[in-house]
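Visitor: Just passing along the structure, written as structure tokens.
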Amino acid sequence: MYKEILVIDDNPDIRFLICNILKEKNYNVRSAANYDQAISEINKKLPSLAIVDIKLDKTDKDGIDLLKLIIKKNKQIPVIMISGHATVQIAVEAIRLGAYEFIEKPFTTEKILNYVKRALETANLKEEKDIIENKLFHSFDLVGKSSFISKIKKTIDKLSTSESRILISGPTGSGKELVARKIHKQSLRSKEPFVILNAALLREKTYEKELFGQEFDDGNISFGALERADRGTLLIDEVTEIPFETQANVLRVLMDQKFKRLNGSKYINVNIRLISSTSKNLNELVEIGKFREDLFHRLNVVPIEINSLNSRTEDIPLLIDYFKEKLSEINGVPQPKIDIENNNLYTYNWPGNVRELRNLVERVTILSVNESKENINKLMNDILTSSYSLENDKSFLEKSFSSPLKEAREHFEKEYLMTQLKKNHGNISKTADFIGMERSALHRKLKSLGIKGIN
């Protein structure tokens, strides 16, 4: 891929030195002798990497201003700052603002080449990551002919030129994140970041750090989701899990579009579009006082509700055909011959919704290579029957949730170990190896839980 480096330095000797060092290594190089030339070169075409001197010819503008400009235009472009007069504070500020590295003059040829190589390699990795994520993003789409899906697609089209906040509700596995990604991709912010904050996965004490970021005594900064999503879209998944106290701070950000990092003294201005999602009934949580009503109304500007799969079974054949094609391509195997007339597909409850159907198709796709249609359908029925058993077995959950933590943990351990022993036909060594325990420790655990043998 064509790579070009822009060297910006008002000292002609330094500028020519750096340019010659890079050209000898077959890099494509452009240069600028002052601030105005640099602006012209940057606006003409963004480089793959920039090497910028901090002190330039203009007293009111310097290399830090150019760094901000480049980062604003494209955060992925690495910028190496150089200076012979900068203080530690300036160096720290440059790194904080997004500079890849800071080099003091005088520098060796080896040092400048090493930093350039590493910077370009890092940029390449980020670019490859973006390409992979983009492919994954495009790899699955909203599929279906039901009135629910048709309505959602029309809503997404209407939201393409809007900046409205959106609340997506629906059961687990129904496709809330996919809808949020599609909204972002069709919006005016599509080229800016799409950041996900899964509130359900955070510990209570880390919510504010993950949202707002944190400043440390040594000058380091941990950027939060709000800052990383600046100019783009932030999806707060399972927004109901945000602690009540933190909800007030989220509301303030929505009102003011600014916040302070933890331990920070300065306000950070952000421009984000907020999408929230939930698998719970927010209205009920508001009524019982577990979710702020004022925040709910701020989030619920445009509501989108996704129904469970078992309420739109007419979409199942289309989804199966779609997943067969995609998953066969991803796994490099032939498409399985799934009988879409199989009655079990339409009577099954699908507690995991579209995600569960996708997983089913993927399992069948991988396990049914070179199998007949009859064997494939038997495999699928076996999986669904097993899932039925798990779905209908309420005793385990009821016993666990009605017991103290210690008893619930013991009950789970007993069920888990008995299942693993059955899978390994009672072989203690194989079971111990699979679950990551010493054989002797497993023996002691089985004895303490009263597990004497597996038939």
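The values are calculated or read from the model by the stated rules, or taken from the named source; none is laboratory data. As the structure is a prediction and not an experimental result, all values here were calculated from the model. With ideal geometry, Cβ positions are generated from the backbone for all residues, glycine too; neighbour counts draw on all protein chains shown.
Visitor: Is it the case that the range 27-34 has a residue that's among the hydroxyl-bearing types (Ser, Thr, Tyr), out of contact with any strand residue (DSSP E or B) (no Cβ under 7 Å at 6 or more places or on another chain) and assigned by TED's automatic domain parsing to the domain that holds Pro106?
Guide: no
Visitor: Now for a separate question. Can you name the number of the only condition in (1) surrounded by fewer than 19 Cβ atoms within 10 Å (Cβ to Cβ); (2) in contact with a Lys or Arg (Cβ under 8 Å, 6 or more places away or on another chain); (3) β-branched (Val, Ile, Thr) that Ile82 fails?
Guide: If we test Ile82 against (1) surrounded by fewer than 19 Cβ atoms within 10 Å (Cβ to Cβ); (2) in contact with a Lys or Arg (Cβ under 8 Å, 6 or more places away or on another chain); (3) β-branched (Val, Ile, Thr), just (1) comes out false.
Visitor: Which one is farthest from the chain's Cα centre (by Cα) among residues in the range 85-99 that are without any contact (Cβ under 8 Å) to a residue 24 or more places away in the chain and either under 21 Å from Ile268 (Cβ atoms) or surrounded by 13 or more Cβ atoms within 10 Å (Cβ to Cβ) (or both)?
Guide: Among them, the one singled out is Gln89.
Visitor: I would also like to ask the following. Test Glu133 against the criterion of being more than 21 Å from the chain's Cα centre (by Cα), part of a helix (DSSP H, G or I), modelled with pLDDT under 90 and not aromatic (Phe, Trp, Tyr), and give yes or no.
Guide: Spelling it out, it is not the case that Glu133 is more than 21 Å from the chain's Cα centre (by Cα), part of a helix (DSSP H, G or I), modelled with pLDDT under 90 and not aromatic (Phe, Trp, Tyr).
Visitor: Consider only pairs whose beta carbons are under 8 Å apart and that are at least six residues apart or on different chains; among these, list those whose first residue lies in the range 407-433 and is on the phi > 0 side of the Ramachandran plot and at pLDDT 70 or above and whose second residue is outside any helix (DSSP H, G or I) and not charged (D, E, K, R).
Guide: Every condition considered, the pairs that remain are Gly426/Gly453; Gly426/Ile454; Gly426/Asn455.
Visitor: Related question: Quick check on Ser48: is it touching a residue at least 60 places away in the same chain (Cβ under 8 Å) and within 37 Å of the chain's Cα centre (by Cα)?
Guide: Yes.
Visitor: Which of the following residues is surrounded by 16 or more Cβ atoms within 10 Å (Cβ to Cβ), under 28 Å from the mean Cα position of the chain (by Cα) and within 23 Å of Ser150 (Cβ to Cβ): Phe291, Phe323?
Guide: Phe323
Visitor: Another question, if that's okay. Which residues, counting only those in the range 214-228, are more than 15 Å from Gly98 (Cα to Cα) and either of a type in the set (S, T, N, Q) or under 17 Å from the mean Cα position of the chain (by Cα) (or both)?
Guide: Of everything in the range 214-228, those that are more than 15 Å from Gly98 (Cα to Cα) and either of a type in the set (S, T, N, Q) or under 17 Å from the mean Cα position of the chain (by Cα) (or both) turn out to be Gln214, Ala225, Leu226.
Visitor: Determine whether the range 234-242 contains at least one residue that is touching a residue at least 60 places away in the same chain (Cβ under 8 Å) and over 26 Å from the mean Cα position of the chain (by Cα).
Guide: no
Visitor: Of all the residues that make up the range 23-72, how many are surrounded by fewer than 16 Cβ atoms within 10 Å (Cβ to Cβ) and of a type in the set (Gly, Ala, Ser)?
Guide: 1
Visitor: Of everything in the range 294-320, what is more than 23 Å from the chain's Cα centre (by Cα), surrounded by fewer than 16 Cβ atoms within 10 Å (Cβ to Cβ), charged (D, E, K, R) and under 23 Å from Leu197 (Cα atoms)? Give them in sequence order.
Guide: Asp294
Visitor: Turning to a different aspect of this structure: Looking at Glu284, is it more than 23 Å from the chain's Cα centre (by Cα), at pLDDT 90 or above and either farther than 26 Å from Ile183 by Cα or not hydrophobic (A, V, I, L, M, F, W, C) (or both)?
Guide: For Glu284, the condition - more than 23 Å from the chain's Cα centre (by Cα), at pLDDT 90 or above and either farther than 26 Å from Ile183 by Cα or not hydrophobic (A, V, I, L, M, F, W, C) (or both) - is met.
Visitor: Looking only at the range 66-83, decide whether some residue is out of contact with any helix residue (DSSP H, G or I) (no Cβ under 8 Å at 6 or more places or on another chain), in a loop (DSSP other than H, G, I, E, B) and farther than 18 Å from Pro193 by Cβ.
Guide: no
Visitor: Answer with yes or no whether Glu438 is surrounded by 10 or more Cβ atoms within 10 Å (Cβ to Cβ), within 27 Å of Leu360 (Cα to Cα) and at pLDDT 70 or above.
Guide: no
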